[in-house]
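The values are calculated or read from the model by the stated rules, or taken from the named source; none is laboratory data. Please read all numbers here as calculations on a predicted model, not as lab measurements. No Cβ is skipped: glycine too gets one built from the backbone with ideal geometry, and neighbour counts run over all protein chains shown.
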């Protein structure tokens, strides 16, 4: 498909001079050339004009009008449209003014957010992974569109973006600036579905989860309530000292602040779902990962409420082993516990090679996220999850572990770089531990029995719980299902885990 003419969004005056600012017709800042609108959902279009003015919106074969209210706000909702790869024009008119948005496609729109591992670009990946250069050269993918929102924080929800958004068409000259995770996620979806894919990236490096949670969702747990109270007072030290709190370094870390500026202004826009990669800044040096599962649920439920979709799919990434700190094992478990929400899925990344806090292999991360979307949202028959602990069965000195997503059976395997995992039947399962009534954890022997794992220990003859891969950087975690996806770290009785951060 040839690229459509890329024009800058502009106000077109029909035979008159520039109107007064109060009478200026405006369209919400997320609407810009090269954007993607969500298919198969009502299409909201909104903006501002002189109070009482009639505003008409034209898209495809639809025309709809509204009257600007006493504050100048107007909005219309167009009927759902099927996916459309042809370049269309969105036109908004009021009196002698018109706004034209060119090169509009209709497909699936996804939010991508979190911190620096979501923000890490394809170009940054290419510096460490040679195969990425080939992907950049082959990235002539005009159905992929990316929008990066970099708004600074705000103490209150904003009605519009401070700076008009810019959408970019994916190509060899632009793809290096896109989120690596989001690019490989979107590329897989576009390949499988053959529809336009739009990604809105609102991530910000170094931030905890709190600034991305809507204010209303902080009412869901005592720790969150206290964080919001302290955040409203901008008491950074108080949030840091709070059990289950976070080391807030500046206003960008405070509750709701980035949701207010980056997501609230575009919350009316129709989207298919969201992907999320965060956790490092809730479990770093002198940071307390306790209660993260409640924060994760608050984020998901808060977004669903704000976006008007109680079933919004949200797929997130569990922390890797690379660059890990002492709080990471606990936070990984907290992330696993948050998967109890419907229409969510978690990608395990412990088996991906890397060094430092930004492992470069975002290819597998994006592909694994896409598997969840393809299976759950589009009914594709693709494996989408590695084994997830389901329940334990204690028989004397043995603990029998049962897993979901183990229908294909379990195996011991090794993953080398970007290659598919390779079964290594002669290798022993690693990183299983068992505990008894003393609460002390001991290394255990573990063997696969079809879809189950049997755990024993010469030290513990009356076991009460098992944990797997509970280490800062558990290299060579080698439990997989036969679909080639890794098992999540887990503790069979999470209440036995404790974390005592070195708070100030």
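Only one residue in 97, 89 is more than 26 Å from residue 274 (Cβ to Cβ), modelled with pLDDT of 95 or more, surrounded by fewer than 18 Cβ atoms within 10 Å (Cβ to Cβ) and not assigned by TED's automatic domain parsing to the domain that holds residue 187. Which one?
Numbers: 97 fails: surrounded by fewer than 18 Cβ atoms within 10 Å (Cβ to Cβ).
Sole residue among the options that is more than 26 Å from residue 274 (Cβ to Cβ), modelled with pLDDT of 95 or more, surrounded by fewer than 18 Cβ atoms within 10 Å (Cβ to Cβ) and not assigned by TED's automatic domain parsing to the domain that holds residue 187: 89.
Report every pair of residues separated by at least 6 positions or lying on different chains whose Cβ atoms are under 6 Å apart, first residue within segment 301-321 and within 17 Å of residue 219 (Cβ to Cβ), second at pLDDT 95 or above and in a loop (DSSP other than H, G, I, E, B). Cβ pairs passing all conditions: 302/213; 302/214; 304/310; 304/312; 306/214; 306/267.
Tally the residues that are in contact (Cβ under 8 Å) with a residue 60 or more places away in the chain and closer than 14 Å to residue 387 by Cβ, restricting the search to segment 445-473.
Going through segment 445-473, the residues in contact (Cβ under 8 Å) with a residue 60 or more places away in the chain turn out to be 457, 460-466, 468-473.
With closer than 14 Å to residue 387 by Cβ added as a condition, the list becomes 466, 468-469.
Residues in segment 445-473 being in contact (Cβ under 8 Å) with a residue 60 or more places away in the chain and closer than 14 Å to residue 387 by Cβ: 3 in total.
Within segment 155-168, is there a residue that is within 13 Å of residue 32 (Cβ to Cβ), in a strand (DSSP E or B), touching a helix residue (DSSP H, G or I) at 6+ places or on another chain (Cβ under 8 Å) and touching a residue at least 60 places away in the same chain (Cβ under 8 Å)? So that I can check it myself, show each step before the final result.
First, pick out the residues of segment 155-168 that are within 13 Å of residue 32 (Cβ to Cβ): 160-161, 163-168.
Checking which are in a strand (DSSP E or B) leaves us with 167-168.
From what is left, the residues that are touching a helix residue (DSSP H, G or I) at 6+ places or on another chain (Cβ under 8 Å) are 168.
Next cut, touching a residue at least 60 places away in the same chain (Cβ under 8 Å) only: 168.
Checked segment 155-168: at least one residue is within 13 Å of residue 32 (Cβ to Cβ), in a strand (DSSP E or B), touching a helix residue (DSSP H, G or I) at 6+ places or on another chain (Cβ under 8 Å) and touching a residue at least 60 places away in the same chain (Cβ under 8 Å).
Yes or no, residue by residue, for (1) farther than 18 Å from residue 476 by Cα; (2) at pLDDT below 95; (3) over 25 Å from the mean Cα position of the chain (by Cα):
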residue	(1), (2), (3)
319	no, no, no
329	no, no, no
336	yes, no, no
378	yes, no, no
384	yes, no, no
393	yes, no, yes
408	yes, no, yes
419	no, no, no
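Quick one: count up the residues across segment 453-481 that are out of contact with any helix residue (DSSP H, G or I) (no Cβ under 7 Å at 6 or more places or on another chain) and either closer than 26 Å to residue 353 by Cα or assigned by TED's automatic domain parsing to the domain that holds residue 322 (or both).
Let us first name the residues in segment 453-481 that are out of contact with any helix residue (DSSP H, G or I) (no Cβ under 7 Å at 6 or more places or on another chain), namely 453-464, 466-469, 473-481.
Those still in the list that are either closer than 26 Å to residue 353 by Cα or assigned by TED's automatic domain parsing to the domain that holds residue 322 (or both) too: 453, 466-469, 473-481.
Here the count works out to 14.
Within segment 198-224, being in a helix (DSSP H, G or I), surrounded by fewer than 21 Cβ atoms within 10 Å (Cβ to Cβ) and in contact with a helix residue (DSSP H, G or I) (Cβ under 6 Å, 6 or more places away or on another chain) holds for one residue alone: 220.
A quick yes/no check of all residues on (1) assigned by TED's automatic domain parsing to the domain that holds residue 220; (2) surrounded by fewer than 21 Cβ atoms within 10 Å (Cβ to Cβ); (3) touching a helix residue (DSSP H, G or I) at 6+ places or on another chain (Cβ under 6 Å); (4) closer than 30 Å to residue 415 by Cα:
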position: 294; (1), (2), (3), (4): yes, yes, no, no
position: 306; (1), (2), (3), (4): yes, yes, no, no
position: 310; (1), (2), (3), (4): yes, yes, yes, no
position: 334; (1), (2), (3), (4): yes, no, yes, yes
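Please verify whether segment 67-86 includes one or more residues that are crowded, with 22+ Cβ neighbours inside 10 Å, within 19 Å of residue 268 (Cα to Cα), modelled with pLDDT of 95 or more and in contact with a helix residue (DSSP H, G or I) (Cβ under 8 Å, 6 or more places away or on another chain).
Applying the first criterion (crowded, with 22+ Cβ neighbours inside 10 Å) to segment 67-86 yields 74.
Narrowing the set further to residues that are within 19 Å of residue 268 (Cα to Cα) leaves 74.
Now drop any that are not modelled with pLDDT of 95 or more, which leaves 74.
Imposing the further condition that a residue be in contact with a helix residue (DSSP H, G or I) (Cβ under 8 Å, 6 or more places away or on another chain) reduces the set to none.
Checked against the condition, which is being crowded, with 22+ Cβ neighbours inside 10 Å, within 19 Å of residue 268 (Cα to Cα), modelled with pLDDT of 95 or more and in contact with a helix residue (DSSP H, G or I) (Cβ under 8 Å, 6 or more places away or on another chain), segment 67-86 yields no hits at all.
Screening residue 329 against (1) buried (at least 24 other Cβ atoms within 10 Å of the Cβ); (2) touching a helix residue (DSSP H, G or I) at 6+ places or on another chain (Cβ under 6 Å) leaves a single unmet condition, (2).
Rundown of residues vs (1) modelled with pLDDT of 95 or more; (2) in contact with a strand residue (DSSP E or B) (Cβ under 9 Å, 6 or more places away or on another chain); (3) under 23 Å from residue 226 (Cα atoms), yes/no style:
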| position | (1), (2), (3) |
| --- | --- |
| 261 | yes, no, yes |
| 268 | yes, yes, no |
| 279 | yes, yes, yes |
| 282 | yes, no, yes |
| 288 | no, no, yes |
| 294 | yes, no, yes |
| 299 | yes, yes, yes |
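Of the numbered criteria (1) at pLDDT 95 or above; (2) over 18 Å from the mean Cα position of the chain (by Cα); (3) more than 29 Å from residue 36 (Cβ to Cβ), the one residue 325 fails is (1). From the list 188, 257, the one residue that fits, being in contact (Cβ under 8 Å) with a residue 12 or more places away in the chain, buried (at least 19 other Cβ atoms within 10 Å of the Cβ) and closer than 30 Å to residue 105 by Cα, is 188. Do we find that residue 192 is outside any strand (DSSP E or B) and either under 18 Å from the mean Cα position of the chain (by Cα) or closer than 30 Å to residue 224 by Cα (or both) in this structure? Answer is no for this residue. Scanning segment 225-252 for residues that are more than 23 Å from the chain's Cα centre (by Cα), crowded, with 23+ Cβ neighbours inside 10 Å and farther than 18 Å from residue 156 by Cβ yields a single hit, 239.
Can you work out which of the residues in segment 494-504 that are touching a helix residue (DSSP H, G or I) at 6+ places or on another chain (Cβ under 8 Å) and assigned to a loop (DSSP other than H, G, I, E, B) is surrounded by the fewest Cβ atoms within 10 Å (Cβ to Cβ)? Lay out the reasoning, then the answer.
Step one: filter segment 494-504 for residues touching a helix residue (DSSP H, G or I) at 6+ places or on another chain (Cβ under 8 Å), giving 494, 497, 499, 503-504.
Applying the additional criterion that residues be assigned to a loop (DSSP other than H, G, I, E, B) yields 497, 499, 503-504.
On the way: 497: 16, 499: 16, 503: 13, 504: 8.
Looking at the filtered set, the residue picked out is 504.
Residue check: residue 282 meets all listed conditions (1) buried (at least 23 other Cβ atoms within 10 Å of the Cβ); (2) within 23 Å of residue 479 (Cβ to Cβ) but one, namely (2).
Has segment 482-493 got any residue that is closer than 17 Å to residue 393 by Cα and not in a loop (DSSP other than H, G, I, E, B)?
Scanning segment 482-493, I find at least one residue that is closer than 17 Å to residue 393 by Cα and not in a loop (DSSP other than H, G, I, E, B), so the answer is yes.
The number of residues in segment 360-388 that are more than 16 Å from residue 182 (Cβ to Cβ) and in a loop (DSSP other than H, G, I, E, B) comes to 9.
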